[in-house]
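None of the figures in this text is laboratory data; all of them are computed from the coordinates on show. In this text the structure is predicted, and so the values were computed from the model without any measurement. Don't worry about glycine lacking a Cβ; one is built from the backbone with ideal geometry, like all the others, and counts go over all protein chains shown.
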Amino acid sequence: MGVIGPGTGLGVSGLIPTPAGWVALQGEGGHCTFSPANAHEAAILAIMQREFPHVSFERLVSGMGLSNLYRATIELAGGVQEPLTPAEITSRAIAESDPICSAALETFCAILGTVAGDLALTIGARGGIFIGGGIVPRLGAFFDHSGFRRRFEDKGRFASYLAAIPTSVIRSSTPALVGAAHALAAA
């Protein structure tokens, strides 16, 4: 199983079954290099490269990433940026009251689909990809209707492989504590 959580940063991990139980993988997958999937994302990458020498997925799929996407989206649209927090961008997008915020959040969800699909392919996560963090569980129907799943499966000849892998949003408010409790019980 794979676990991905956009929030303050972009947490990426996996759970591997062993005879002794599940083992969590340690890594820094959020810092993998962002690869654009279309011309719009290539333009966003060019904007981000003016500021960051290395543009990782975390630079676009996290709280700060949502702010970066908003800045880039408004620049590409030729608009004037307001000083919005990630929560304000999200609220406006969900309320459909600001098309730039909606576009930034849609791009966020699509890029998350790409990195989640990459995770599933990398670790062979046939048991599913679980999405946590502080952002996605708050998106509700916006996430359900976003391009996340389409982009998750958009892997050429491996599309059918990924179509069989379920993706789920973690709704627990304290999943890390639940995991820690299980780890302590197993120790």
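Structure data summary
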read-out: Global form of the stretch 29-85, assessed from the alpha-carbon gyration tensor, a/c cut-off 1.5; value: oblate
read-out: Gain on full stretching of the segment that runs from residue 20 to residue 150 - 0.36 nm per residue minus C-alpha separation; value: 43.2 nm
read-out: Order by protection proxy (mean Cβ within 10 Å, highest first), peptides 43-49, 13-19; value: 43-49, 13-19
read-out: Kirkwood hydrodynamic radius over Cα pairs of the chain, then Stokes diffusion coefficient at 20 °C and 1.002 mPa s, in µm²/s; value: 126
read-out: Helix-only mean residue ellipticity at 222 nm for the chain, each DSSP H run of n ≥ 4 adding -39500 (n - 2.57), per residue, nearest 500; value: -14500 deg cm²/dmol
read-out: Listed residue (19, 78, 141) projecting farthest to the positive dipole end of the chain, Cβ model; value: 19
read-out: Top of 79, 134, 147 by mean-square fluctuation, Gaussian network on the chain, Cα under 10 Å; value: 79
read-out: Backbone HN-Hα couplings from phi across the stretch 159-175 [Karplus 6.51/-1.76/1.60, Hz, Gly and Pro as x]; value: 4, 5, 4, 6, 4, 7, 8, x, 10, 9, 8, 6, 9, 5, 7, 9, x
read-out: From phi via Karplus (6.51, -1.76, 1.60), per-residue ³J(HN,Hα) for the stretch 60-71 in Hz, x at Gly/Pro; value: 10, 10, 5, x, 5, x, 5, 5, 4, 5, 4, 4
read-out: Residue among 122, 107, 167 with the largest mean-square fluctuation in a Gaussian network model of the chain, springs linking Cα atoms under 10 Å; value: 122
read-out: Size descriptor, Kirkwood hydrodynamic radius, that averages inverse alpha-carbon separations across the stretch 1-106, Å; value: 15.0
read-out: Top of 114, 33, 73 by mean-square fluctuation, Gaussian network on the chain, Cα under 10 Å; value: 33
